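Right, one structure below, let's go through it.
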Amino acid sequence: MLLSREEALAALKRHMKDEALLKHCYGVEAGMRGVALALGEDEELWALAGLLHDIDYEEHPDVHPRKGVEWLGSMGLPDELVHAVASHGSERTGAPRKSKLDWALWGVDELSGLVSATALVRPSKKLEEVKVKSVRKKMKDKSFARAVDRAAIREAAAALGVELSVFIAMVLEGMQEAHEELGL
Ligand SMILES: [Fe+2]
């Protein structure tokens, strides 16, 4: 059974207080929704995986995402969602990335950060001004948003069978839909 967005958000906020971290989760949620919508996948499931993927990050950074996997499992969330969360930290959980959902989460976790950073250097700081082309340019500029793992974005696009620009467009459109919550 899936939780409603409200229930999921309440669960997330019980474990996460930091506004920047919450914004990151909303960004990944929105990006995942965009990708699911474009690929004809389960929008609610994918968005929920994005929203909840870092649920243990603030309280248990040392074991992340192992605690989160436990919590989400005990909340009765679908195995594929719990597996996707486990596989975005495969170095700690040993869970391999297999499904499209796993790969999308792996890539969107990074790409949503790059898209936000690209918006923030626009004069308006608005997502509506961001173009796929500008995100691609920033992706090539290694000194820009250094923490973003470019390889993960490319691997995810390849695993999903879409061109890099298409993957960026899906995530950008998803995030533009959520611009109010993202404050961008
Ligand atoms: Fe994350």
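Each value in this text was obtained by applying a stated rule to the coordinates, not by laboratory testing. Note that the coordinates shown come from a computational prediction; the quantities given were computed from them, not determined experimentally. Every residue, glycine as well, gets a Cβ built from its backbone with ideal geometry; the counts of neighbours run over all protein chains shown.
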Once every DSSP H run of n ≥ 4 in the chain is given -39500 (n - 2.57) and the sum is divided by its residues, what mean residue ellipticity at 222 nm do you get, rounded to the nearest 500 deg cm²/dmol?
-20500 deg cm²/dmol
Could you please report the charge total around residue 184, scoring K, R as +1 and D, E as -1 over all other residues with beta-carbon less than 15 angstrom from its beta-carbon?
-2
Just in segment 127-170: which trypsin sites (Lys or Arg not before Pro) are loop by DSSP and have at most 16 other Cβ atoms within 10 Å?
131, 142, 146
Segments 48-60, 14-26 sorted - mean Cβ within 10 Å per residue, highest first:
48-60, 14-26
Would you kindly state how much longer the chain becomes between residue 62 and residue 154 on full extension, computed as 0.36 nm times their sequence separation minus their alpha carbon distance, in nm to one decimal?
30.4 nm
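Looking at the square roots a ≥ b ≥ c of the eigenvalues of the Cα gyration tensor of the chain, which shape do they give, rounded for a/c under 1.5, prolate if a/b is larger than b/c, or oblate? Intermediate results must be reported in sequence, preceding the final value.
Numbers: a/c = 1.56, a/b = 1.39, b/c = 1.12.
Note, shape of the chain comes out prolate.
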For segment 38-54, in residue order, the Karplus 3J(HN,Hα) values (coefficients 6.51, -1.76, 1.60; θ = phi - 60°; whole Hz; Gly and Pro = x) are 5, 8, x, 9, 6, 4, 5, 5, 5, 5, 5, 4, x, 4, 9, 4, 10
